[in-house]
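Below: one structure, written as structure tokens.
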Amino acid sequence: MKTHNPRVAKLHRAYTTEQAARLFGAHRNTVRAWIKAGLATVAGRPLLIEGRELRAFLERRRVAAKRPCAPGTLYCCKCRSPRPPGPRSVVFETRDARAGSLRAICATCGTRMFQRARQERLAAVMPGIAILIVKAPARIAECSPSSPKRA
């Protein structure tokens, strides 16, 4: 599912279905589906959609699609919902002194899960779960340069 930036729509402008589709790089039928899903239109032909209504509709859809993670869960892209990590699978890779990435395996489907986190908030994000803390491997830019001359 493609997410459309609601701020592209001008508030004080009216759009036809074709114009709205072109504005968001979508098909006309996508805009028609939005109308069937509750997007308000101005009565008459051609159907006109107020920019204010279009923006509000897309913002409501964006908020409704969010899946916040409760403490002790990470978002699994395969399951498309927050899931608890598998036993002894949570690893925190530190990039610097404060932040890093949580890595884990989904207990339901076995897919890898990731979440950015601060090290001081680990107890709140994963309460009661043992977390292995490791230093992240160096990035290519952080490695020492190799010699351009070969023997």
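Things worth noting here:
- Filtering region 120-139 to residues that are in a helix (DSSP H, G or I) and either touching a helix residue (DSSP H, G or I) at 6+ places or on another chain (Cβ under 6 Å) or more than 17 Å from Pro84 (Cβ to Cβ) (or both) leaves Glu120, Arg121.
- Within region 55-104, the residues that satisfy the criterion of being among the aliphatic types (A, V, I, L, M) and within 30 Å of Leu11 (Cβ to Cβ) are Ala56, Leu58, Val63, Ala64, Ala65.
- Restricting region 39-68 to residues that are over 22 Å from the mean Cα position of the chain (by Cα), surrounded by 10 or more Cβ atoms within 10 Å (Cβ to Cβ) and among the small types (Gly, Ala, Ser) leaves a set whose member that is nearest to Arg7 (Cα to Cα) is Gly51.
Bear in mind that the values in this text are calculations on the coordinates, not laboratory data. Only a predicted model underlies this, so the values are computations on that prediction, with no experimental measurement involved. Backbone-built Cβ (ideal geometry, glycine too); neighbour counts: all protein chains shown.
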